[in-house]
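J.: One structure coming up, written as structure tokens, with questions to follow.
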Amino acid sequence: MFTPSRDQARQFFFETWRKYRAGETLSGLESVALQIILLHPEYQALFDDPERNLDRDFIPEHGEINPFLHLSLHLAIEEQLAIDQPPGIRAQFERIAAATGSEHGAKHALLECLAETIWQAQRANAAPDQALYLECLEQKLRT
């Protein structure tokens with residue numbers, strides 16, 4: 001399994017945006033990443049200045065959202081939906097999308113639950129708990 005460094009992950013988004021702006025051919029994963037970037041116009045200017053933003057820190061305590069983390073989680077969600085892993089994630093997504101009327105909003109619900117599941121796993125020094133992840137999604141449907 002490929003586990004990119006922080007800089008490699010950021011470079012991937014910078015290069016995807018650069019290739020898009022230059023009209024160059026994108027790889028399959030770059031095409032998926034581009035669709036996610038296009039859904040987030042608030043981040044696009046950041047990709048125009050890699051020199052300034054490659055090493056930039058985003059401080060949650062200051063109300064900042066890390067756009068690289070956000071987009072990376074979106075990529076993970078796209079992969080999960082494509083292969084229905086964990087099993088049932090696609091059905092949960094479809095229920096949330098139907099309930100909210102927004103596929104992008106439903107993906108953000110998945111993203112929030114995925115981030116929470118990863119955070120819990122890191123705190124417990126354990127693998128992510130699929131049951132916890134799916135339960136979080138159930139709670140999204142009830143609220």
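J.: Here is a check on your reading of the model: is Ile59 over 24 Å from Phe93 (Cβ atoms) and among the aliphatic types (A, V, I, L, M)?
T.: Here the answer is yes, as Ile59 does meet what is asked.
J.: Starting from residues that are among the small types (Gly, Ala, Ser) and in a helix (DSSP H, G or I), keep the ones in the stretch 102-129 and report whichever is farthest from Leu71 (Cα to Cα).
T.: Ala124
Throughout, read-outs are computed from the coordinates displayed, never taken from laboratory work. All values derive from a computational prediction rather than experimental measurement. Using ideal geometry, Cβ is built from the backbone for each residue, glycine included, and neighbour counts are taken over all protein chains shown.
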